[in-house]
Ligand code: ADP
């Protein structure tokens, strides 16, 4: 698998404190990756540097076949390059239907001026149907998003991100607050999405990480402490010590 994102030697300092400390790792083009680590390990800051929200002090962030440097690009440009981010809290438009939210996401893909004259094409409407099926909301298309369950809102937001056709989807604790059935559905959506793009999931819930059945990167003090299958990293003595606070 070829590399989509290569972070190398990246550091971020906040008021003299190194939140990311010489961090290096790679994500492949169609890869599912879970990032775990105790509070303060640097998981959020990692997502912030990839999306351009936080600028690193040093290091390289290279993207795609042409090894474009994401470092120094604006957040908007990085999003256009194909980096999508799902925050923990769903931010769907509650007074709009599922269908309207998905249409809006397709419209936004056309750029900031599309809002003035956009009318969904037949192709767009067909795409909405496909997206709704991908997130399991095909029977809820005409419901107001505000009436959806917490899990359904999360899936809708994932659908809205998929509408933008990201090459990398960063997802922050997707299973938080979900029922077991909702978690399973979320796993299925993400596993399916990772067949055609990279999906990076930051997660605390180890059972959820186990279900993702993917390579795991353990962050600690802003650097990679261990990497590999979940069973492998959770048997690592350094990882055990960090989680037990030793
Ligand atoms: P995680 O998401 O793994 O819990 P974070 O990336 O949020 O970790 O934070 C890593 C470290 O950087 C923490 O010690 C946190 O307090 C610190 N930190 C994060 N953002 C800031 C900021 N804007 N200013 C100062 N310190 C920060």
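Per-structure values
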quantity: Fewest-first sequence of 102, 230, 162 by Cβ atoms within 10 Å of each Cβ; calculated: 230, 162, 102
quantity: Helix 150-163 vs. the chain, principal-axis angle (Cα, 0 to 90°, nearest 10); calculated: 90
quantity: Orientation-averaged projected area, Cα convex hull of the stretch 73-225 (nm²); calculated: 10.1
quantity: Choice from 121, 217, 186 showing the highest fluctuation, given a GNM over the chain with Cα pairs closer than 10 Å; calculated: 121
quantity: Among beta bridges that DSSP assigns inside the chain, antiparallel share in %, nearest 5; calculated: 55
quantity: Cα centroid of the stretch 76-117 to Cα centroid of the stretch 1-69, whole Å; calculated: 24
quantity: Rounded tilt (10° steps) of 180-193 against the dominant C-alpha axis of the chain; calculated: 90
quantity: Share of pairwise Cα separations in the stretch 93-152, more than 15 Å, in percent; calculated: 49
quantity: For the stretch 197-236 versus the stretch 134-155, the gap between their alpha-carbon centres in whole angstrom; calculated: 29
quantity: Residues 182, 165 arranged by fewest to most Cβ contacts within 10 Å; calculated: 165, 182
quantity: Projected area, mean over directions - the stretch 152-246, Cα convex hull, nm²; calculated: 6.6
quantity: 116, 68, 106 arranged by Cβ crowding within 10 Å, fewest neighbours leading; calculated: 116, 68, 106
quantity: Square roots of 5 times each gyration tensor eigenvalue, C-alpha, the stretch 1-56, largest first, Å; calculated: 21, 13, 10
quantity: Debye log10 I(q)/I(0) at q = 0.13, 0.14, 0.18 Å⁻¹ for the stretch 1-102, Cα point scatterers; calculated: -0.54, -0.62, -0.93
quantity: Rounded tilt (10° steps) of 122-134 against the dominant C-alpha axis of the chain; calculated: 50
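Rule-based calculations on the coordinates, nothing more; no lab input. Bear in mind the structure is a predicted one, so any value in this text is a computation, not a measurement. Every residue, glycine as well, gets a Cβ built from its backbone with ideal geometry; the counts of neighbours run over all protein chains shown.
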